[in-house]
Amino acid sequence: MGFSCLWVLLLCIIGEGLVKGVLGVGGLACNWGTRSTHPLPPSIVVKLLKDNGFSKVKLFEADPGALQALGRTGIQVMVGIPNELLAPLASSVTVAENWVSKNVSSYISRNGVDIRYVAVGNEPFLKTYKDTFLQTTFPALQNIQAALIKAGLGRQVKVTIPLNADVYQTDSGLPSGGNFRSDIHTLMMSILKFLSDNDGALTINIYPFLSLQADPDFPKEYAFFNNTSKPVVDGSISYTNVLDANFDTCIAALEKNGFSSLPVIVGEVGWPTDGDPNANIEDARRFNQGLVSRILAGQGSPKRSTPPDIYIFGLIDEDAKSIQPGNFERHWGVFNFDGSIKYSLDIGRGKALVPAKGVHYLARKWCIMAPDASPSDPNLVQSINYACSYADCTSLGYGSSCGMLDARSNASYAFNMYYQTMDQRKGACEFSNLSVTTTTDPSPTQNGQNRSCRFEIMIDLGKHEKPRRSPAAGLREHNSHIVVMVLLVLVLVSTLMI
């Protein structure tokens with residue numbers, strides 16, 4: 001495409017509410033999400049963090065196992081508060097005091113956790129939420145701050161609110177035109193003053209990948225750091241990538257409203273590896289290597305030379321995460337769900353990523369479509385429907401890592417994901433006489449086009465210290481459109497075989 005429309009790029013980036021979570025000076029930082037059917041034990045995750053130079057971590061909730069494992073490790077922690085807790089926290093300072101006592105004070109005093117921030121809410125002003133959290137976010141922030149002060153932690157633990165980059169916009173299409181959305185401008189002024197008065201920070205989530213997803217005319221190269229895209233010229237500044245342009249739009253908005261010195265944290269930024277044609281290992285490696293290199297070099301933005309704390313999103317894949325934004329939501333991890341390495345990264349001084357150690361797996365068994373079963377069997381569609389309702393089949397979508405499998409392998413993938421999600425238990429590989437177990441890995445590893453398509457074997461949680469919720473808990477409600485997608489792929493492939 002031509003680049004005559006570059007002046008509107010920033011409007012595309014921050015105007016649709018889609019731009020959504022690595023480090024500042026002192027080490028790498030990342031988001032540790034726990035929406036998994038078979039989560040890595042927290043002790044192994046913490047070792048993974050330390051082995052790979054992560055000195056800061058952001059949690060989306062006060063997960064007890066994660067917080068206990070982070071005790072006395074020297075890793076700085078930002079503890080999140082989910083949006084569903086904003087209303088009760090806003091209603092009573094006593095509720096806030098109880099939350100701080102249970103989720104902050106106790107872990108600092110008893111476990112030696114180095115908690116530095118409490119993140120109140122998670123993108124509460126996202127346009128898609130409409131006005132759900134407009135009345136509760138600021139009161140909750142005030143009550144949490146009051147509770148921290150009462151607990152004697154007012155100097156040690158600061159408050160912040162992670163916001164989507166759609167809270168600011170630019171009418172000129174350039175970073176210098178940045179200002180906060182008119183519908184929340186007054187509220188943002190109150191929040192920013194409160195954060196400034198209490199030495200807090202503003203946290204912004206920026207996602208170049210989602211900018212690319214939102215606009216078919218978006219020049220893909222502009223999403224990366226070492227690119228060939230035409231820069232966006234704003235006065236004396238030339239912006240060569242989306243992250244700098246978006247970040248400085250926020251800085252311009254702060255300067256315009258009298259908060260030029262307020263600290264800004266990039267709470268989430270990254271690139272997924274599966275679930276969409278643009279979500280692939282090559283692009284993820286390119287983006288995250290460029291990001292890590294900037295961080296290690298201490299590079300800031302054109303308007304702020306001091307580098308912000310930047311938290312990579314995310315550390316590991318989460319197969320039980322909501323896929324409402326897209327199938328890629330379960331594939332943001334730098335590491336696979338089990339802590340194995342997806343792609344190489346230089347994390348400083350020539351050091352490469354180190355995989356998780358001490359992970360125990362279920363037996364080397366897979367569930368596949370039986371050799372004598374037919375793709376035209378009338379029970380096949382229903383069987384795949386059932387399997388993908390309770391397991392993660394996002395890798396089977398168009399343009400995804402397993403999207404080019406034939407009909408038989410497509411069914412085998414669905415059957416195996418269900419079998420593994422159910423811990424290989426008896427009866428989990430019985431699909432109307434269409435399936436059998438095998439000890440031969442069915443992953444298409446010899447096919448260069450499908451080199452990243454893996455038929456998984458899940459973590460054996462029985463051999464680890466932490467139990468977890470039912471393996472399929474929450475998956476069925478999130479997976480309905482995956483089922484439709486998989487069935488369409490199967491029908492298409494079967495048609496081509498006729």
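Using the Cα gyration tensor of the stretch 34-82, with a ≥ b ≥ c the square roots of its eigenvalues, what is the shape: rounded (a/c below 1.5), prolate (a/b larger than b/c) or oblate (neither)? Note, shape of the stretch 34-82 comes out oblate.
Distance between the 7 Å Cα→Cβ label points at S172 and D197: 3.2 nm.
Between rounded, prolate and oblate, where does the stretch 376-417 land on the alpha carbon gyration tensor, with a ≥ b ≥ c its root eigenvalues, rounded for a/c under 1.5, else prolate if a/b exceeds b/c? Here the stretch 376-417 falls in the oblate category. Accessible surface ranking for D338, D346, D171, 1.4 angstrom probe, highest first: D171, D346, D338. At an R0 of 56 angstrom, the distance between the Cβ atoms of K127 and D372 translates into a FRET efficiency of 0.60. Quick one: if the Förster radius is 60 Å, what FRET efficiency do K426 and S238 give, using the C-beta to C-beta distance and rounding to 0.05? After rounding, the FRET efficiency stands at 0.40. Farthest towards the positive end of the charge dipole of the chain, among the residues W32, Y418, F313, is the Cα of W32, using unit charges on the Cβ of Lys, Arg, Asp and Glu.
Here is the link list: K47/K130; K150/K303; K130/K158; K158/K303; K220/K321; K150/K256. Which ones come out longer than 29 Å on Cα distance? Could the numbers behind the result be given before it?
Working: K47/K130 40 Å; K150/K303 37 Å; K130/K158 27 Å; K158/K303 24 Å; K220/K321 26 Å; K150/K256 34 Å.
Result: K47/K130; K150/K303; K150/K256 exceed 29 Å.
Applying 1/(1 + (r/R0)^6) with r as the Cβ-Cβ distance of A87 and S344 and R0 = 56 angstrom yields a FRET efficiency of 0.80.
Please list 391-401, 109-119 highest first by mean number of surrounding beta-carbon atoms within 10 Å per residue.
Numbers: 391-401: 24.2, 109-119: 18.5.
Ranking the peptides 391-401, 109-119 by packing returns 391-401, 109-119.
A value for Cα Rg over 2.2 N^0.38 Å was derived from the coordinates, and within the list [x] 1.15; [y] 1.00; [z] 1.52 it appears as [y].
Here H360 sits with roughly 80 square angstrom of accessible surface, probe radius 1.4 Å.
With a simple spin-label model that places each label point 7 Å from the Cα along the Cα-to-Cβ direction, the separation between Y398 and D217 comes to 2.2 nm. Against the empirical curve 2.2 N^0.38 Å, the C-alpha radius of gyration of the stretch 271-335 lands at a ratio of 1.27.
Sorted on the mean count of surrounding Cβ atoms within 10 Å across their residues, most packed first, peptides 362-369, 200-207 read 200-207, 362-369. Taking only the Cα atoms of the stretch 322-379, the ratio Rg/Rh comes out at 1.17, with Rh defined as the Kirkwood radius.
Using only the Cα atoms of the stretch 39-155, build the gyration tensor, take square roots of its eigenvalues as a ≥ b ≥ c, and label the shape rounded, prolate or oblate: rounded if a/c is under 1.5, else prolate if a/b is larger than b/c, else oblate. Oblate shape, in that a/c is at least 1.5 and b/c is the bigger or equal ratio.
Peptides 315-323, 374-382, 46-54 ranked from most to least packed by the mean count of surrounding Cβ atoms within 10 Å: 315-323, 46-54, 374-382. On a per residue basis, the convex hull of the C-alpha atoms belonging to the stretch 56-105 measures out at 71 Å³.
Between amide H atoms placed 1.01 Å from N, distances below 5 Å from S435 occur with A370, all of them 5 or more places distant or on a separate chain. Couplings 3J(HN,Hα) of the stretch 324-334, computed from phi: 4, x, x, 4, 5, 4, 8, 9, 7, x, 5 Hz, in residue order, whole Hz [Karplus 6.51 cos²θ - 1.76 cosθ + 1.60, θ = phi - 60°; x for Gly and Pro]. A 1.4 Å probe run over the chain, with the rest of the protein chains in place, finds 40 Å² accessible per residue. Annotation for the stretch 335-360 versus the stretch 76-113: alpha-carbon center distance of 32 Å. Length gained on full extension, K463 to Q299, computed as 0.36 nm times the residue gap minus the Cα-Cα distance: 54.7 nm.
Give the carbon-plus-sulfur fraction of the accessible surface of the chain in %, rounded to a whole number; probe 1.4 Å, heavy atoms of protein chains only. Solvent-exposed carbon and sulfur of the chain make up 51 percent of the total. With the simple model of a label 7 Å out from the Cα in the direction of the Cβ, A363 to S261 spans 6.6 nm.
With a 1.4 Å probe and all protein chains in place, put S261, S301 in order of accessible area, largest first.
Numbers: S261 105, S301 10 Å².
I get S261, S301, largest accessible area first.
Could you name the aspartates and glutamates whose alpha carbon sits less than 15 Å from that of K463, not counting residues in the same chain fewer than 8 places away? List returned: D338, D423.
For Y390, Y361, write out the residues from largest to smallest accessible area, computed with a 1.4 angstrom probe and no ligands counted. Intermediate results must be reported in sequence, preceding the final value.
Numbers: Y390 60, Y361 90 Å².
From most exposed to least exposed: Y361, Y390.
Here is the tail figure for the stretch 298-356: Cα pairs spaced more than 18 Å apart come to 52 percent of all pairs.
The values are calculated or read from the model by the stated rules, or taken from the named source; none is laboratory data. Owing to the predicted nature of the structure, the values given are computational and were not obtained by experimental measurement. All Cβ positions, even for glycine, are placed from backbone atoms using ideal geometry, and neighbour counts span all protein chains on display. Surface accessibility is based on the protein's heavy atoms, side chains included, excluding ligands, DNA and RNA. Shrake-Rupley method; radii C 1.70, N 1.55, O 1.52, S 1.80 Å.
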